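Presented below is the structure to which this report refers.
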Amino acid sequence: MQDDEVIIGLVLAGNKEAYAQIIQRYHKKIVLLLRKMLGTPQNEQDLVQEIFIKAYYHLGDYSRSYDFAAWLYRIASNHCLDELRKRKRAVSIADLDIEPADAHTPELEYLAKEQRSYLRQRLMTLEEKYRVVLELRYLHFLSYEEISDKLDVPVSTVRTRLSRGKTKLREAISKTDRGGDFNR
């Protein structure tokens, strides 16, 4: 197979068929990245195709001073983040039905469900940057480094957002406990 730089040169010179080599070379890696960021979505192949199309139309913007694979992964990561934003209401913490492992009685199970519902509602009042980090850490059990990679922010930013998010969540809970406006 030819070097990425050579293939890109061919594509930019008008040989559109050469782009198939790029797709063949990076398809599996893009699928793995997509699955890591989104799980296994039903429209996985559509998303992969959209990523390669986006990369194709932006090949002219690619700077040869950067690694092509890193440039392509950045496009894929951004596309996945866009997809997460689109789905945030559809696949949010409010939609999860988490059952307690140790609920022995219907009363305890009901109380636990009410607490989860209350927590979900409070969490949904947070700014997206805090809510997403809290969900990734405490619902998906990702490490700080994984969250950093997924959101393309430094680990220190992840720590700060987690800390501030927990503080804001405590404040939101405290506010409603004092009889404050529940919808704010």
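Summary of the geometry: the range 22-54 and the range 123-145, compared by the centres of their Cα atoms, lie 24 Å apart.
Which helices count as membrane-span-like in the chain under these terms: full DSSP H, at least 24 Å along the axis by C-alpha, Kyte-Doolittle mean of -0.5 or more?
On the way: long enough: 19-38 (25 Å, 0.16); 68-87 (29 Å, -0.38); 106-124 (27 Å, -1.11); 155-177 (33 Å, -0.87).
Going by DSSP H runs, the hits are 19-38, 68-87.
What is the Cα radius of gyration of the chain over 2.2 N^0.38 Å, N being its residue count? Output field value: 1.34. Of all the options 13, 69, 172, the one that moves most in a Gaussian network model of the chain with Cα springs shorter than 10 angstrom is 13. Counting only DSSP H runs of at least 4 residues, each contributing -39500 (n - 2.57), and dividing by the residue count of the chain, the helix-based mean residue ellipticity at 222 nm comes to -22000 deg cm²/dmol. Close amide H contacts of residue 142 (hydrogens built in the peptide plane, cut-off under 5 Å, sequence separation of 5 or more or a different chain): 137.
In the chain, the sites counted are chymotrypsin sites (Phe, Trp or Tyr not before Pro) in DSSP loop states with at most 12 other Cβ atoms within 10 Å, and the longest stretch holding none of them, exclusive of the sites, is 67-140.
Within 10 Å of each candidate Cβ there may be at most 10 other Cβ atoms; applying that plus a DSSP loop requirement, which trypsin sites (Lys or Arg not before Pro) in the range 1-42 survive?
none
Taking 4 °C and 1.567 mPa s as conditions, the range 4-87 diffuses translationally at an estimated 98 µm²/s according to Stokes-Einstein applied to its Kirkwood radius (Cα pairs).
No value in this document is a laboratory result; all are computed from the given coordinates. If you're wondering where the values come from, they're calculated on a predicted model, not measured in any experiment. Using ideal geometry, Cβ is built from the backbone for each residue, glycine included, and neighbour counts are taken over all protein chains shown.
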